[in-house]
Amino acid sequence: MTALPHEGLPLAAEFEEPTPEQWQSLVAGVLRGTGREVPDAAPEDALATPLEDGLRTRPLYTARDTAPDPGLPGFPPFVRGSRAEGNALGGWDVRQRHLVADDEAVLTDLENGATSLWLVVGPQAIPVASLSTVLDRVLLGLAPVVLDAGGETGTAARELLRLYEERGIPGTAARGNLGADPLGFEARTGDKGLAFAEAAALARRCAREWPGLRALTVDALPYHEAGGSAAQELGASLATAVSYLRELTGAGLSARQAVAQLEFRYAATADQFLTIAKLRAARRLWARVTEVCGAVDGQVQHAVTSPVMMSRRDPWVNMPRTTLATLAAGVGGADAVTVLPFDHALGLPDAFARRIARNTSTILIEESHVSRVIDPAGGSWYVERLTDELAHAGWEFFQWIEASGGQPAALRSGRLPDALATTWAARRAKLAERREPVTGVSEFPHLSEDLPNREAAPPVPAGGLPRVRRDEAYEVLRARSDRHLASAGARPRVFLAPLGPPAAHSARLSFAQNLFGAGGIEAATGESFGDSGATEVCLCADDATYEEQAAAAVRDLRAAGATHVFCAGRPGRYAGVDTYVFAGCDAIATLSAALDRMGVS
C-alpha cells in the first residue's frame, strides 16, 4: 500500500507568504486603474459594504481583526452558546406556530418533526376556551407549549396551567412559556392593558409551582417588524428585559428567579452572517446584564424567520429565504426556531406549507447535521469581529433607551418609534433604488404567475408600531396593475426599443424588462411600436450606439405617437429623452409616475 502524504504538508510551502500590505498594494493598483479614488491608509475600504448601525463588512479579515475572547460554550459571556452541549444532543427545538384552533394540524406537526408549539391565542385566533380541544391529544409532558395571548395572557396562562394539573403533569415536566410580555403587547397595540402586576404574579407562580415553565417573553419582533436594525432590536430587547427584571424583583422575586423567568425572541433574516452575529451578541449583552444583577446566566433564545423579508409575489422564493435564516439561527445557537411558512404573507398556511416549514429545520438537523457542531462560526475573524461590533452598537442603543427613561418611557414618548422609523426610511430608499434587491419582486418579477389562494389569516393587532415589509412599495404598484388588468383586460405596457446588434442592447434590454415588470408594467418586445398598444417607449443600447442612433430613434418614435421616452442608461444628452432609468435610480418614483401617465388608478 502506498503511503499517503503527511497530512500536515503545506501545499504552498514553496511560495512566499503574502503580507496584508502586499494585498493592499494590489487592491490600490486595480482601483486606480478604474479611475476610483483610493484611500492611502486602507485602500480596501473602497470595497467595504456599509451595513445599518454604522457597521461595515470588509472585503478581507485577518488575525489582526481581533475581538474579545468569546469564551467557551456554556460559560460566560455565553457568546458561543448558553449551554456547553449547544444543540448537539438532538438539534434545536422545532417550534411550529398556530393561529387557529385546528387540533389535526397541531397533531400532524408534532408527529412529523415539530417538537414544540407556539399558540396565538385570542378572540380572533385560538379562543382560550378552545385550548383544551387544541391540546387534547398532545402529550403535554413531552411537547413544550408557548403562548402568545396578548391582552388575554392571564386567562390563557391559567387555562394552560389548569390543563397541566388536570392531566397530572409535574411542575418539573411542564416546559414552555406563558408568554406574558406587557411591553411587547403595548408596542404592538399601543394598549397598556396587560399589567406588569399580572406578569409578575405568573412569574411568582412559575417559580413556586412550575419550575420548568417561564412566564415572560421578551419579544423583539415588534421592533424588527417596525423597520428596526439589528442593533436596535438588540437594544430594545435588552431595555425591555431590564424593565421586567426591575418589576419582578420589586414583586418579591430574587434576581436569579427573575432572570430564570425570561425567554428572548429574535428575528432571523436571510442575511446569515448578520443573524449569526446578532444571536451571539445578544447572549454576550445579556450575560453582562445578569452579571451586574449578581445572577449571571445564559440567554434562552427563540428565533423566528423574519416576516419583513417574506414576499407576497413569487412566494416560492420565501423557501430559500427561510432556509438561509434557519441555517443562521441554528449556527448562531438559537435554542428554538420557528420557520414561517412560505405563504405566510398570503394568509393561513396550508398543510403543504406547514410541512415545508418544519422540514426546513429537520433537513438542516438530520441530514445536514448543522446542530452537531457547537458554534461552527466561532473563530471566524469576520464573525467574531461582526459580533463584537454589533454588541457595541446594541449596547449603545440600550444606553440611549435607558437615558430616555427606560423602555416604557421611550416607547410612549415616541422617541423609540421615531428612531425605528428613521432606520426604515433609509432602508426603504435602498429598496426603492433596488440597491437592496428582492427576488421575484424588484428583480425578476413574474407578471403572469398564479398566486396560491389562501384563507385569510386572523387580523394582526394594530394601534402600536407599524409593520413593514420589504415588498410593500412594489406591492402597491403591482396591485394597481392587477386592478387595471381586471378592468381593462390588459396590463399597462411599455415598448422596449433595442438599438444596434444584440451585443449592444441585450444587457439593458433585460434591465429594462425587469425594472418595468417590478411595477407591473408589461414590456412589449419583438413587434413594432405601432402594434404594441403602448404609448411609452424605452430605448435600450450601449452608450456608443446611443451616440449614433438615439436622436433619430426618438424622432421616429415621437412621430409614431410615443408620448414619453425612457432611455436605459446613465443620464446623457440625447435629444427628446424624458427619463433615464439606470441601476440606482428611484424605481418606485419612476414606475409610479409611469402608471399615473398611463391612467392606471
Can I get the semi-axes of the chain's equivalent ellipsoid? Compute them from the C-alpha gyration tensor as square roots of 5 times the eigenvalues, in angstrom, largest first. 47, 32, 23
Taking the alpha-carbon centroid of each part, what is the distance from the stretch 343-364 to the stretch 238-288 in angstrom? 28 Å
How much of the accessible area of the stretch 32-117, probe 1.4 Å, is carbon plus sulfur, in whole percent? 52 percent
What fraction of the Cα pairs in the stretch 12-116, stated in percent, has a spacing above 16 angstrom? 77 percent
What number do you get for the stretch 132-235 when its Cα radius of gyration is normalised by 2.2 N^0.38 Å, N = residues? 1.15
Counting alpha carbon pairs within less than 8 Å and at least 6 residues apart, what relative contact order, in whole percent, applies to the chain? 13 percent
Please work out the Cα convex hull volume for the stretch 201-289 and give it in Å³ per residue. 94 Å³
If you consider only alpha-carbon coordinates, what radius of gyration and Dmax does the stretch 476-523 have, in Å? 12.8, 39
Accessible area per residue for the chain in Å², computed with a 1.4 Å probe and the full protein assembly in place, what is it? 44 Å²
Just how much of Ile521 is accessible, in Å², when a 1.4 Å probe is used and the result is rounded to the nearest 10? 0 Å²
Compactness index (Cα Rg / 2.2 N^0.38 Å), the stretch 74-147: 1.34
What's log10 of I(q)/I(0) for the stretch 505-601 at q = 0.11, 0.15, 0.21, 0.23 Å⁻¹, Debye sum over Cα points only, no solvent? -0.29, -0.55, -1.16, -1.42
Net charge within 13 Å of Phe75 by Cβ-Cβ distance, Lys/Arg positive one each and Asp/Glu negative one each, not counting Phe75 itself? -1
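Would you tally the net charge around Arg256, using a Cβ to Cβ cut-off of less than 13 Å, leaving Arg256 out, and scoring K and R as +1, D and E as -1?
Values: positive: none; negative: Glu291, Asp297.
Taking every Cβ under 13 Å from that of Arg256, the sum is -2.
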Show me the helices of the chain, taken as full DSSP H stretches, that run 27 Å or more along their long axis by Cα and average 0.0 or above in Kyte-Doolittle hydropathy. 230-250, 272-293
Taking the Cβ of Glu436 as the centre, find all other residues whose Cβ is under 9 Å away and add up their charges (Lys, Arg: +1; Asp, Glu: -1). +4
Descending Cα extents along the principal axes, the stretch 263-416, whole Å: 47, 39, 27
Whole-percent carbon and sulfur share, accessible surface of the stretch 256-387, 1.4 Å: 56 percent
Ignoring everything but the protein chains, give the 1.4 Å probe accessible area of Ser132 in square angstrom, nearest 10. 40 Å²
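Determine how many Å³ per residue the convex hull of the Cα atoms of the stretch 72-221 encloses.
So the per-residue hull volume is 126 Å³.
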Extension gain, Ala560 back to Thr439 (0.36 nm per residue minus Cα-Cα distance, nm): 40.0 nm
If contacts are Cα pairs under 8 angstrom and at least 6 residues apart, what is the relative contact order of the stretch 29-78 in percent? 17 percent
With every protein chain in place, the stretch 139-199: carbon and sulfur % of accessible area (1.4 Å): 54 percent
Can you tell me how the stretch 209-249 classifies by the Cα gyration tensor, rounded, prolate or oblate, using a/c under 1.5 as the rounded cut? prolate
Over the heavy atoms of Trp23, what accessible area does a 1.4 Å probe trace out, to the nearest 10 Å²? 80 Å²
Name the residue from Leu135, Ala157, Ala587 whose Cα lies farthest towards the positive end of the charge dipole of the chain, charges +1 on Cβ of Lys and Arg and -1 on Cβ of Asp and Glu. Ala157
Ordering Met310, Met598 by the accessible surface of their heavy atoms, 1.4 Å probe, largest first, yields Met598, Met310
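The values are calculated or read from the model by the stated rules, or taken from the named source; none is laboratory data. Keep in mind that what you see is a predicted model, and the values were worked out from it rather than measured. Methodologically, a virtual Cβ is constructed for each residue, glycine included, from the backbone with ideal geometry; neighbour enumeration extends over all protein chains shown. These accessible areas exclude ligands, DNA and RNA; they are computed on the full protein's heavy atoms, side chains included. Shrake-Rupley method; radii C 1.70, N 1.55, O 1.52, S 1.80 Å.
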